[in-house]
Amino acid sequence: ARFSGPCDTQPLRTKCGNQKSCPESSFAFKVISGAANVVGPSMCFENTMRDSLGRGLAGVGTNGQLMKTGVFDMYSGDIKLLLDFLKAIQSGTIVIVASYDDPATKLNDEARKLFTSLGSSHASKLAFRDNWNFVGAKGLKNESPFEQHLKNEAAKNKYDGWPEVLEMEGCIPKKMD
């Protein structure tokens, strides 16, 4: 008889360490927002990890391969850098965004509209020190199902002056409509 004890069953490793594996027709992702102004956000796409990203908004553009990454300081940085990043995104490109510290102080109407055009339903409402994770795509016809937004509310904040960390994982269809 063959022994089949606990040592025999190794848990299957999924891409990005997600709870469920993704079908071949999709990409695995995980996004974790920053914690207050202490721990930077991290994002994983198909097992390629980016972490300890800087203050503001961290963005990744991909079409299956990581094409472009950027960190945009939305408290004291130049909004033009974010606008250039967003405007350069090609049709069909997936965009992954995580916030850290403050995603909104420098976020102007043009940037908010660009995020909305990528499928965001919360970009228009982002405020000082809110937490936000978002996955969208250029050419998306509907709102993205991959978005989280947690308001900075003193009575509910987990950290002094900041809301709790947001964590989102899932499978992005390779062809997004």
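A straight chain from ASP51 to ALA155 at 0.36 nm per residue would run longer than the Cα-Cα distance by 34.5 nm. Using Cα springs under 10 Å in a Gaussian network model of the chain, which residue among PRO23, PRO145, PRO163 shows the largest mean-square fluctuation? Most flexible of the set in this elastic network: PRO23. Result for the chain in a Gaussian network model with C-alpha springs under 10 Å: among TYR159, TYR100, TYR75, the largest mean-square fluctuation is at TYR159.
Treat every Asp and Glu Cβ in the stretch 16-163 as -1 and every Lys and Arg Cβ as +1, leave all other atoms uncharged, and give the resulting dipole magnitude about the Cα centre to the nearest 20 debye. Spell out each step's value before the answer.
Details: 17 positive and 15 negative charges, 37 e Å.
Computed charge dipole of the stretch 16-163: roughly 180 debye.
Which of rounded, prolate, oblate describes the stretch 66-162, given a ≥ b ≥ c as roots of the alpha-carbon gyration tensor eigenvalues and a/c under 1.5 marking rounded, otherwise prolate only if a/b is larger than b/c? Note, shape of the stretch 66-162 comes out prolate.
Which one, PHE134, ASN47, PHE27, projects farthest toward the positive side of the charge dipole computed for the chain from Cβ point charges (K/R +1, D/E -1)? Of the candidates, PHE27 comes out farthest on the positive side.
For the chain, modelled as a GNM whose springs connect Cα atoms under 10 angstrom apart, the maximal fluctuation among ALA35, ALA154, ALA104 occurs at ALA154. ASP160 sits with roughly 140 Å² accessible to a 1.4 Å probe, with DNA, RNA and ligands left out of the calculation. Using just its DSSP H runs of length 4 or more, each adding -39500 (n - 2.57), the chain gives a mean residue ellipticity at 222 nm of -3000 deg cm²/dmol after division by all residues.
The values are calculated or read from the model by the stated rules, or taken from the named source; none is laboratory data. Source: prediction; values computed, not measured. Neighbour counts are summed over all protein chains in view; Cβ atoms, including those assigned to glycine, are modelled from backbone coordinates with ideal geometry. Heavy atoms of the whole protein, side chains included, go into the accessibility calculation; ligands, DNA and RNA do not. Shrake-Rupley method; radii C 1.70, N 1.55, O 1.52, S 1.80 Å.
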